[in-house]
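Please treat every number below as a calculation from the coordinates, not as lab data. Please read all numbers here as calculations on a predicted model, not as lab measurements. Methodologically, a virtual Cβ is constructed for each residue, glycine included, from the backbone with ideal geometry; neighbour enumeration extends over all protein chains shown.
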Amino acid sequence: MSRENCLFCKIAAGEIASAKVYEDAVCVAFDDVSPQAPTHILIVPREHFDSLDKARENHKETLGHLLLIAGKIARDKGFAENGYRTVINTNGDGGQTVFHLHVHLLGGRPFIFPPG
Ligand code: 5GP
Ligand code: ZN
């Protein structure tokens, strides 16, 4: 997936509409269009990289930031204490379908492990 033709780059830039729940200089968070839980939010870096498989040393701060923001959103939404699930799907076997790295934040119901 090239940056020029990337759905999540376009959502992060505001060129494609989304229900944004949080944004800052590093990332944007918005509701997943096909929610798998009462709350299902995608947290994406503004910087494009395809997947965790493509992450390198220079992405370290960004990756840490995405997880800290997931925790903050979970607290702000009120389900942090009950618990929640964060997921990063990577490449084919990981179930990744959009090749701009993103963290799924799911909350509002119990989750089983391991996932399917
Ligand atoms: P992946 O399968 O790559 O881990 O996750 C991609 C996610 O993006 C899926 O959960 C899917 O529902 C979501 N998604 C795909 N297209 C759109 C879209 O246009 N808008 C939003 N908000 N989410 C999308
Ligand atoms: Zn992108």
* Rounded tilt (10° steps) of 60-77 against the dominant C-alpha axis of the chain -> 40 degrees
* Spatially proximal lysines relative to residue 54 (Cα-Cα < 22 Å; intrachain offsets below 8 disregarded) -> 10
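With charges set only on the Cβ (+1 for Lys and Arg, -1 for Asp and Glu), what does the dipole of the chain come to about its Cα centre, in debye to the nearest 20?
Charge dipole of the chain: 200 debye, to the nearest 20.
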* To the nearest 0.05, what FRET efficiency results for residue 7 and residue 68 with a Förster distance of 41 Å applied to their C-beta separation? -> 0.95
* Asked: Setting aside same-chain residues fewer than 8 positions from residue 77, which lysines have a Cα under 19 Å from its Cα?
  -> 20
* Would you mind calculating the relative contact order of the stretch 3-107 from Cα pairs under 8 angstrom and at least 6 residues apart, reporting the percent as a whole number? => 31 percent
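Considering all projection directions equally, how large on average is the shadow of the alpha-carbon convex hull of the chain, in square nanometres? Display every interim value, and only then the final one.
Numbers: hull surface 29.1 nm².
Taking a quarter of the hull surface, the average projection is 7.3 nm².
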* **Calculated from backbone phi, Karplus (6.51, -1.76, 1.60) coupling profile of the stretch 15-28 in Hz, x at Gly/Pro** => 7, 10, 5, 7, 8, 6, 10, 6, 7, 8, 5, 9, 8, 10
* Residue (of 110, 13, 70) at the positive-pole extreme of the chain, dipole from beta-carbon charges -> 110
